[in-house]
Amino acid sequence: MRERVCFLLKVKKDRLAEYKQLHKSVWAEMLEALSETGWHNYSLFLREDGLLVGYLETPDFSQALRQMAAREVNARWQASMVPFFEELEGRRPDEGMMRLEEIFHLE
């Protein structure tokens, strides 16, 4: 059984184009770390006002977050992403995700 996880973040409007461009070539070692730590079917969706919606499936989201947080590549990636986001208040993007409650799933 996998948890389905949806979360929100807010990308700064003046950084949208650069943020999209960076995600066209995510570091291979970051992709490998995500896969190894249980981030499956991971997708990001971006609205023109900067609303970022993330979706993934994982056996255990808390564990997936902890395992990624322990990876050196994640520390580098998160540090490089901080300038793109609003409302982080000193947190990394992976710490500032606002998780949404799943209320329906068609299966």
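Every number here is computed from the coordinates shown, using simple stated rules; none is lab data. The structure presented is a predicted model; accordingly, all values stated were derived computationally and were not measured. Here Cβ is always computed from backbone atoms with ideal geometry, including for glycine, and neighbour counts include all displayed protein chains.
Of the candidates 88, 100, the single residue that is in contact (Cβ under 8 Å) with a residue 40 or more places away in the chain, surrounded by 13 or more Cβ atoms within 10 Å (Cβ to Cβ) and among the hydrophobic types (A, V, I, L, M, F, W, C) is 100.
In segment 1-60, how many residues are among the hydrophobic types (A, V, I, L, M, F, W, C), surrounded by fewer than 13 Cβ atoms within 10 Å (Cβ to Cβ) and outside any helix (DSSP H, G or I)? Step through it out loud before you land on a result.
Just the residues of segment 1-60 that are among the hydrophobic types (A, V, I, L, M, F, W, C), to begin with: 1, 5-9, 11, 16-17, 22, 26-28, 30-31, 33-34, 39, 44-46, 51-53, 56.
After this cut, where a residue has to be surrounded by fewer than 13 Cβ atoms within 10 Å (Cβ to Cβ) as well, the list is 1, 17, 26, 28, 45, 51.
Filter once more, keeping what is outside any helix (DSSP H, G or I): 1, 26, 45, 51.
Total meeting the criteria: 4.
Reported count of residues in segment 50-80, each being under 16 Å from residue 22 (Cα atoms), free of Cβ contacts under 8 Å to residues at least 40 places away in the same chain and not polar (S, T, N, Q), is 2. Restricting segment 61-79 to residues that are of a type in the set (S, T, N, Q) and within 15 Å of residue 95 (Cβ to Cβ), the residue that is surrounded by the most Cβ atoms within 10 Å (Cβ to Cβ) is 74.
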